[in-house]
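The values are calculated or read from the model by the stated rules, or taken from the named source; none is laboratory data. As the structure is a computational prediction, the values presented were derived from the model and not from experiment. For neighbour counting, all protein chains shown are included, and Cβ atoms are generated from backbone atoms with ideal geometry for every residue, glycine included. Please note that ligands, DNA and RNA were not included when accessible areas were found on the heavy atoms of the full protein model with its side chains. Shrake-Rupley method; radii C 1.70, N 1.55, O 1.52, S 1.80 Å.
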Amino acid sequence: MTESIMSKAATMEIPINSNGDTGTLPEDDSLEQAAKLQWSLDEKVGSSRGTRDLQQVMVSGPNLNETSIVSGGYGGTAEGIIPTSSMKGSNMHHSSSSSSMSAEEATRGVAVEKLETMKKWGLNTYKCTKQMISERFGRGSRTVDLELEAQIEVLRDTKRKYENVLRLARALTNHFYNMVQTQHALGDTFADLSQKSPELRDEFGYNAETQKLLCKNGETLLGAINFFVSSINTLVNKTMEDTLMTIKMYENARLEYDAYRSDLEELSLGPRDAVAMARIEAAQQQYQTQKDKYERLRSDVIIKLKFLEENKVKVMHKQLLLFHNAISAYFAGNQQQLEQTLKQFNIKLRPPGADKPSWLEEQ
């Protein structure tokens, strides 16, 4: 319709008046209306296309992987365009490489720390071995505390003697236990024979009662001896052993102290240049550290020896009194005194069948 109107307008004649002015024709209005109609149609078409493009962009959205960043000013060349996908990949590669580098640095740090520890241990072992060999062959000097070493030697001798007492007490317990079991079996045999031998019923009966009484008193004495053995075992294998472990640490510290002392003395007799002075200063620090350690352990040993002696006297006074009273009462046949001795020391006897597990525990 628009094209027909425009073609009609193109073929129309324009009349000219006598003074050269164009006249007003009725077709002019139709031409203006045709032009306005064409402009409105073009505007509607353009707006509809823009709306569809905007909706498509809003629905689909931009592809961030294909978005470009333009570097430079207006009218720059295409060389300044950097795809964001390449930037994303480079950032990921940079983060992964940095994490791997940090892991490698941590591993390298642990390895270096272990190497330094091994180096210090090897150097310390070398110096201590050198000092020990020098002392054994009489070439090196050693720090001596005569009073403390005498107390240590007394403790070791006391421990050996107490271990012998413990061994003999255990042997006595085993032998006496076997004797009690024999008396128990002998009493049962006498009781059985008294039932089967009417002519010797009274004699077998007397002996059966005697063996049963001895068996009962023997079990009471066994309770006292077992308590004695348990207390001696705690004193020897726990209290004394703990003190001896501290003494061993003290002796190792003394050896290290003498080793670093000898090393410092050797360096002090050498040249006095810058390198030697640095070594002397480092040796002085190590010597002071070992000296502090040696003095601290020496003080610990003195305190433990004092407490051990007090504890030993207290424990052995109680246990020797118990052992004497129990043995005396048993061989005197004084059952009442024997039981009173166990009550005095708070010793509780187990029932005869307590050592055997119940039928529920056996299941």
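What span do the alpha-carbon atoms of the stretch 97-204 cover on each of the three principal axes, reported in whole Å from largest to smallest?
104, 56, 22
With +1 on each Lys and Arg Cβ and -1 on each Asp and Glu Cβ, how big is the dipole of the stretch 217-275 about its Cα centre, in debye rounded to the nearest 20? Spell out each step's value before the answer.
Numbers: 5 positive and 10 negative charges, 46 e Å.
The calculation lands at about 220 debye.
Based only on the alpha carbon positions, what is the Kirkwood hydrodynamic radius of the stretch 252-294, in angstrom?
Hydrodynamic radius (Kirkwood, Cα only) of the stretch 252-294 equals 10.4 Å.
Which far-off residues, 5 or more places away or on another chain, put their amide H under 5 Å from the one on G140, with H placed in the peptide plane?
E135
Using a 1.4 angstrom probe on the protein heavy atoms only, could you order D192, D202 from most to least accessible area?
On the way: D192 70, D202 95 Å².
Result, largest first: D202, D192.
To the nearest 20 debye, what charge dipole does the stretch 233-323 have about its Cα centre, counting +1 at the Cβ of each Lys and Arg and -1 at the Cβ of each Asp and Glu?
The dipole of the stretch 233-323 has a size of about 560 debye.
Under a crude label model (7 Å from the Cα following the beta-carbon direction), how far is T173 from K318 in nanometres?
Each label point lies 7 Å from its Cα, and together they span 1.7 nm.
Return the sequence-ordered ³J(HN,Hα) values of the stretch 336-343 in whole Hz as given by the Karplus equation 6.51 cos²θ - 1.76 cosθ + 1.60 applied to θ = phi - 60°, using x for Gly and Pro.
The phi angles translate into 5, 5, 5, 5, 5, 5, 5, 5 Hz.
I'd like the accessible area for E113, computed on protein heavy atoms only with a 1.4 Å probe and all protein chains in place. Round to 10 Å², please.
So the heavy atoms of E113 present about 120 Å² to solvent.
Give a quick list of trypsin sites (Lys or Arg not before Pro) in the stretch 292-354 that DSSP marks as loop, anything other than H, G, I, E or B, with at most 15 other Cβ atoms within 10 Å.
Working: sites: K293, R296, R298, K304, K306, K312, K314, K318, K343, K348; in loops: K348.
Counting only loop positions with at most 15 other Cβ atoms within 10 Å, the trypsin sites (Lys or Arg not before Pro) in the stretch 292-354 are K348.
Quick check for the stretch 232-335: number of Lys pairs with alpha-carbon distance under 30 Å, counting only pairs 8 or more apart or on different chains?
25
Counting only protein heavy atoms and using a 1.4 Å probe, what share of the accessible area of the stretch 114-250 belongs to carbon plus sulfur, as a whole percent?
On the way: 5190 of 8960 Å².
Carbon-and-sulfur percentage of accessible area, whole number: 58.
Hull surface divided by four, with the convex hull built on the Cα atoms of the stretch 144-209: how many nm²? Please list the in-between numbers first.
Working: hull surface 22.2 nm².
Dividing the Cα hull surface by four gives the mean projection, 5.6 nm².
Would you list M240, M118 from the most to the least accessible area, probe 1.4 Å?
Order by accessible area, largest first: M118, M240.
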